[in-house]
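Some notes on the structure that comes next.
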Amino acid sequence: MHQPPIPHVAGTDPEVAELIQAEARRQHDKARLIPSENYVSAAVLEATGSVLTNKYSEGYAGRRYYEGQQLIDPLERLTVQRAERLFGVDHANVQPYSGSPANLAVFLAFLQPGETVMGMALPMGGHLTHGWGVSITGKWFHSVQYGVRADTGTVDMDEVRDLALRERPKVIFCGGTAIPRTIDFPAFAEIARETGAVLVADIAHIAGLIAGGAHPSPVGFAEVITTTTHKTLRGPRGAMIMSTEERASAIDKAVFPGLQGGPHNHTTAGIAVALHEAAQPSFRTYARQIVANAKALAEALTARGYSLVSGGTDNHLILIDLTPQGIGGKPAARGLDRAGIETNYNTVPFDQRKPFDPSGLRIGTPAITTRGLTEEHMPQLASWMDEAIAAAAKEDEDVLDRIAGEVRDLMAGFPMPGWSQ
Ligand code: DSN
């Protein structure tokens, strides 16, 4: 049953209630390995589902365009303080609706249309909103993109420096969506200083690892830090922009009134609860366990002959190149999903296949670590993945269904926040 229970949805709209219940069970029964997903706590769910959704509050605390902010102002101030304290930053804006609007606000704050931005190319592990061509950030701005080296699968900082010196971008993004290795924030900061660019660290994937001390922090290196709140940070779907005092006013103006209207106050409350949870000692244990699990899973996959981009992982994420297995990422991901193991297909650097039918699988350990799986479970997970990928290649549905039952049995032993039998 969904937790907190949803009797009112069931009474008013059984069709929607049934979909919610079924999705809760699906999340319960599967080994969820999509690296950008997680399970929020029941406390975060309750805050997100609260009456705060009823209130408009355009503006910032103490400077709103609507009356009735007696309780919204302290809530937003509390959330901002918690973000500032947790990450050790001068300033936090907790209003962006999600990661893409947060990154777009950065463009609005520091660039005019047509000016130059530099980011990591999407097929190399970057994000759409760091200047990729199909995104507004690549269409309306002049974008130059860096990648990884073919031999190491890691960012070549000399190439980044050369490109930055040649193109003189006003903004440099570091971070992305498929980066299995530690981001060298000091090296990016040095290049930004040399070229006079604003360095923006998009830490959406690794925010929880940074908060928990399991990845170096960009604070002191990047003047601006964007993040979603729902990945390793384990909050509701939302985003934050953190910055130095010097950049604070430009960021705030870009978010509101530049880009958005009223903040989603119910989300703000959920973010506040998640930040409180992330400040507890148990969250440090969680962050370290995410990395330990990812390393153990990477080792187990390597032992089974899988080729991992960059040879392994330093964080929560593993990018598998399935070329040696002779199967595309898409049929493999579909087979794995049928086998109860949820992943997403992804391009790998220098992919010879098309983006909608690429060679890679992207996996990660934030969600299964929340469920309580540890290193000892990773060899079994790798074995199931190996068997399921081989079965997917042969379209052997019986094997996939058998594995799904075994995965379900394992996951039944690990409680899911937001669900109870
Ligand atoms: N949704 C993000 C991820 O999966 O990494 C990208 O926007």
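The values are calculated or read from the model by the stated rules, or taken from the named source; none is laboratory data. Model, not experiment: these values are computed from the prediction. Positions of Cβ are generated from backbone atoms using ideal geometry, with glycine treated the same way; all protein chains shown enter the neighbour counts. Accessible surface is based on the protein model in full, side chains and every heavy atom, while ligands, DNA and RNA are left aside. Shrake-Rupley method; radii C 1.70, N 1.55, O 1.52, S 1.80 Å.
Criterion first (in contact (Cβ under 8 Å) with a residue 40 or more places away in the chain, over 25 Å from Ala294 (Cα atoms) and within 27 Å of the chain's Cα centre (by Cα)) does Glu58 satisfy it? When the stated conditions are applied, Glu58 passes them. Taken as a whole, the structure places Thr137 among residues that are more than 24 Å from Val219 (Cα to Cα), under 23 Å from the mean Cα position of the chain (by Cα) and either surrounded by 21 or more Cβ atoms within 10 Å (Cβ to Cβ) or not small (Gly, Ala, Ser) (or both).
So, restricting to strands (runs of 3 or more DSSP E) that lie completely within region 179-294, which ones have at least 1 residues that are hydroxyl-bearing (Ser, Thr, Tyr)? Walk me through it before giving the result.
Working: elements: 198-202, 224-228, 239-243.
Answer list for region 179-294: 224-228, 239-243.
Which pairs turn up if I take residues in region 27-39 that are within 21 Å of Ile271 (Cα to Cα) and look for partners that are hydrophobic (A, V, I, L, M, F, W, C) and assigned to a loop (DSSP other than H, G, I, E, B) with beta carbon separation below 7 Å, at least 6 apart in sequence or on another chain? Here the result reads Tyr39/Met416, each pair linking region 27-39 to a residue that is hydrophobic (A, V, I, L, M, F, W, C) and assigned to a loop (DSSP other than H, G, I, E, B). Restricting attention to region 348-365, the residues that are among the aromatic types (Phe, Trp, Tyr) and either within 20 Å of Thr152 (Cα to Cα) or open to solvent by less than 10 Å² (accessible area, probe 1.4 Å) (or both) add up to 1. The criterion of being touching a strand residue (DSSP E or B) at 6+ places or on another chain (Cβ under 6 Å), part of a helix (DSSP H, G or I) and either without any contact (Cβ under 8 Å) to a residue 24 or more places away in the chain or surrounded by fewer than 21 Cβ atoms within 10 Å (Cβ to Cβ) (or both) does not hold for Pro379. One residue stands out in region 187-203 among those that are open to solvent by less than 10 Å² (accessible area, probe 1.4 Å) and under 14 Å from the mean Cα position of the chain (by Cα): the one that is farthest from the ligand (Cβ to nearest atom), namely Ala201. Just one of the listed residues (Tyr60, Tyr56) is within 27 Å of Ile203 (Cα to Cα), more than 16 Å from the ligand (Cβ to nearest atom) and at pLDDT 95 or above, namely Tyr60.
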